[in-house]
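Derivation of every value follows stated rules applied to the coordinates shown; laboratory data play no part. Predicted, not measured: the structure shown is a model, and the values here were computed from it. Reconstructed Cβ throughout: ideal geometry from the backbone, glycine too, with neighbour counts over all protein chains shown.
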């Protein structure tokens, strides 16, 4: 089922949680709503689910307005950050809940319920824990039960609110890969909220970046990472070096760097900021390239397969961070205190 | 042993103190009660506790206490629900008001209830006009017991309701459950052990209540005479073995109720409801 969000606005008192949000989610997609806490992503998810109501705007499922439909009638599967399992019910009964509360006419027989629940428990690899109570499970197991419970009612849309937020790093990684595989099997339109950019880029087909109640950019993980539409997206997705300077008639002078900025041909000495990702900073031993600028190595940090260099350009200005592979670093063979030459392979300038 | 490993010293001393304190304050008087009953023969004991007047008092005491605890189970749950789920001006005052029956001397409660429910009183008059006798009838006993045992259900249910996550109800709704289904299948089972505990505590407290009831009940033998009052009467007539016999039966009943409460708590814990 496709979802459309149209002109959604929501306020909590004086605080504008969402300002005129317009989004499309196509059938079978897995989309991440990504943003810092308080950006409105959870509120948007709850509005889609029908747990919260917007001041203006509408949510459409397959083109039909859902404004008059309650959460109960929307047939969405909702997975909560803190699982929200029913503590007094076993794993089995938790998963069976959605089937047992159906009106008698549509309620499956006990045998059908048992088959269905067992299939789902197999899917989440927890058949052996069917009789356990939520209190006896680990966080990862609880979240899998919550997911199975949501899937039991065969929702047309699956909404997940920070599904891995309460888990520790390793379980989180495992579970998000598992979720991706599960989605590839089931193809149910899914939207999940996260503040973890790595999670969003790894799992989602498309990423919706949100900030302060607005959508900053929508795109595939490659698009949003390689071509951030706004300074916010640049800083929010991964590390970035920031240079302050000016743009004049399509030419930018930021920090010690001079580059062309063809999108700002009519800018007249306007203040500007240049953004460069650490892995787009090239580091050389010798001053061969005319665009390279000299810098001093301040610190070298080994981060597993990568090496992080902290640099200071000799002309002063903000400190600079470069990221090399181990191999690249061995070839460079730079030590703290030595002078190297850096070149920005890929810089974006925003006014 | 806990004493070997614990980083906090003084296990032996505190344990010893606790045991002797409990023995002196609780066990000794209760043992004395049993000893007292042995001064009468088995025959006399049975005769005392099965005499018509005593049985009538048991009936009134247990039924009235049961009725009061039942009323409080329902309305106490409601009060707790309102106090936890809604915000309104004066909420703190109402929250404090719940404890008043605890703090109030029971005699004061008895006098004020009698004044209100007497045939000429504020509530008593309209009730009398309807042909309902409130004070000086078993109904009066129930009213007094309901009043004094009100806080128990509220105070046991309140924390459980506070810990309930709204998300649980939202999850139920998103899975297609209606309001009634959410209440019956999600809310009630979680809260029920606490309600039952509160009920048992109310019942135990109401069973032993004396001070407030003697004013409002009228104390007519066979009709509105509660067991604690009967014990009192026997004592005044220097019938110590008789009073002890009646008291032992009450003690056994209270003990059973406490046992039931603990079993309920154990059951709730095992089901993972109170984590």
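Taking the C-alpha atoms only, the angle from helix A:91-100 to the longest principal axis of chain A is near 70 degrees.
Provide a whole-number value for the mean count of partner chain Cβ atoms within 10 Å of the Cβ atoms in peptide A:95-101.
5
Can you give me the angle between helix A:139-152 and the longest principal axis of chain A, using Cα atoms only, in degrees from 0 to 90, rounded to the nearest 10? The angle comes out near 60 degrees. Approximating the spin labels as points 7 Å out from Cα along Cα→Cβ, the residue B:75-to-residue A:128 distance works out to 5.4 nm.
Give me the inter-chain shielding for A:47-58: mean count of other chain Cβ atoms within 10 Å, whole number please.
That average works out to 1.
Inter-label distance, residue B:165 to residue A:20: 3.6 nm, where each label sits 7 Å from its Cα along the C-beta direction. Taking the centroid of alpha carbons for each part, region B:20-99 and region B:188-256 are 6 Å apart.
Per-residue mean of foreign Cβ neighbours for B:176-182 is 5 (Cβ atoms of other chains, 10 Å radius).
In a GNM of chain B with a 10 Å cut-off on Cα contacts, which of B:140, B:242, B:90 has the highest mean-square fluctuation? For chain B, modelled as a Gaussian network with Cα springs under 10 Å, the answer is B:90. Exposure proxy shown here: for B:102, A:86, B:62, the number of other Cβ atoms within 10 Å sets the order, fewest to most, as B:102, B:62, A:86. Largest GNM mean-square fluctuation across A:49, A:84, A:212, computed for chain A with C-alpha springs under 10 Å, falls on A:84. Rounded to whole Å, give me the distance from the Cα center of region A:106-150 to that of region A:255-332. With region A:106-150 and region A:255-332 each reduced to a Cα centre, they are spaced 52 Å.
Using the alpha-carbon atoms, what tilt in degrees (0 to 90, nearest 10) does helix A:169-186 show relative to the longest principal axis of chain A? Once rounded, one gets 60 degrees. The Kirkwood hydrodynamic radius of chain A, based on inverse pair distances between different Cα atoms, is 23.1 Å.
Take every DSSP beta bridge whose two residues both sit in the protein assembly as shown; close to 75 percent of them are antiparallel.
Here the Gaussian network model covers chain B, with springs between Cα atoms less than 10 Å apart; of B:206, B:67, B:172, B:172 fluctuates the most. With the largest listed first and rounded to whole Å, the semi-axes of the equivalent ellipsoid of region B:40-270 from the Cα gyration tensor are 37, 23, 14. Residue exposure proxy: A:9, B:146, ordered by other Cβ atoms within 10 angstrom of their Cβ from fewest to most, comes out as A:9, B:146.
Of all DSSP beta bridges confined to chain A, the antiparallel ones make up roughly 75%.
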